[in-house]
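What follows is a set of notes on a single structure, which appears directly below.
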Amino acid sequence: MDQKRAVMIVVMAILSSPSLASATEAVAGFTTPAYTPSTCFGKENKGDMIALLGGSMWNNGAYCGKTISVTCIDEPRRCKSSSPVDAIVVGYCSNCDNGIDFRLSDEAFDQISFESIRHAEVDYVIQ
């Protein structure tokens, strides 16, 4: 294999890497305790930084145990921080409706937005 082709293969591999995947826009809401039992882990407690996926995001539980990294991109008065928050996907969001794509625990949501806002536009990446 010539050097030019080898470099091209490496570049393509890096660009398709999940860690460099582009974020997807969505609307996040929040949920309040108790966080167990969960769809993915039953009575096993995964802490208070969790996420519940709704609709097509749920994908039959394909993301159970994965980390979802969420960044608030809404208008400035709705965002506390532009830094991402990480949460573990623990289940299905049965009350994701009215435009809500997924819900974060109130502890995770509180790091990016205000609970009084109830929901925020976000970017997310699931790893």
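No lab work stands behind these numbers, since they all come straight from the coordinates. Source: prediction; values computed, not measured. Counting neighbours? That spans all protein chains shown, and the Cβs are built from the backbone with ideal geometry, glycine included.
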* Stretched out fully, how many nm does the piece from Glu25 to Ser94 gain, at 0.36 nm a residue minus the Cα gap? -> 22.8 nm
* Asked: Using the count of nearby Cβ atoms within 10 Å as a rough guide to exposure, how do Thr36, Thr71 rank from fewest to most?
  -> Thr36, Thr71
* Asked: In the neighborhood of Ile50, defined by Cβ-to-Cβ distances under 15 Å, what is the net charge if each Lys or Arg adds +1 and each Asp or Glu adds -1?
  -> -2
* To do: Can you pull the one-decimal nm distance between simple spin-label points at Glu75 and Asp123, each 7 Å off the Cα toward Cβ?
  => 2.1
* Asked: Looking at Pro84, Ser113, Ser38, which one has the Cα that reaches farthest to the positive end of the dipole of the stretch 20-126 (charges on Cβ: Lys, Arg +1; Asp, Glu -1)?
  -> Ser38
* Structure fact -> Quick calc, Asn45 & Ser83: beta-carbon distance into FRET formula, R0 22 Å, rounding 0.05, result 0.30
* Excluding Val122 itself, what net charge comes from residues whose Cβ is under 11 Å from its Cβ, given Lys and Arg +1 and Asp and Glu -1? -> -4
* May I ask you to list the aspartates and glutamates whose Cα is less than 14 Å away from that of Lys46, ignoring any residue fewer than eight positions away on the same chain? => Asp86, Glu107
* Percentage, to the nearest whole number, of Cα pairs in the stretch 20-126 over 21 Å apart -> 25
* Rounding to the nearest 20 debye, state how big the charge dipole of the stretch 61-127 is about its Cα centre with +1 on each Lys and Arg Cβ and -1 on each Asp and Glu Cβ. => 40
